[in-house]
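See below for the structure under consideration.
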C-alpha cells in the first residue's frame, strides 16, 4: 500500500467526521491545522480508521502520532505484514 492511497482513504474519513467536504490533508498535517480536529473527533477518526483498514492500534501507538504522516506510516506497517 502506498502513502497516497492511505492518505486518500484517511481524507475521506476526516471529511465525513469533521463535515468538511473540501478538506485537503497532507502528510505534514497536524491537529492544530484542521478546524474541528479535537480530542473527541480524534477518537471517532481513529475508530473509523481502524475499521477502514482492519487494524487495531495500541494506546502507545496512538499517543505517538504527532502528524498525519505518522498515522499513514503506522497503517502501512500494520497492513503490509508479510
Degrees separating the helix 3-18 axis from the principal Cα axis of the chain, which is the longest one | 40
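Given an 8 Å cut-off on Cα distances and at least 6 residues of separation, report the relative contact order of the chain as a percent.
Working: 60 pairs, mean separation 34.3, N = 82.
Answer for the chain is 42 percent.
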Residue 33 versus residue 9, label points 7 Å from Cα toward the beta carbon: distance in nm?
-> 2.1
So if we plug the beta-carbon distance of residue 2 and residue 43 into 1/(1 + (r/R0)^6) with R0 = 25 Å, what FRET efficiency do we get, rounded to 0.05?
-> 0.40
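For the chain, what is the per residue volume of the convex hull drawn over the alpha-carbon atoms, in cubic angstrom?
Numbers: hull volume 7.0 nm³, N = 82.
With only Cα atoms used, the chain gives 85 Å³ per residue.
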Full-extension gain in nm, residue 70 to residue 56, via 0.36 nm per residue minus C-alpha separation | 3.5 nm
Among 25, 71, 59, determine the one that fluctuates most according to a GNM of the chain built with springs between C-alpha atoms less than 10 Å apart.
-> 59
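Here, each number is a calculation from the coordinates, and none is a lab measurement. Model, not experiment: these values are computed from the prediction. Glycine also receives a Cβ, built like all others from the backbone with ideal geometry; neighbour counts cover every protein chain displayed.
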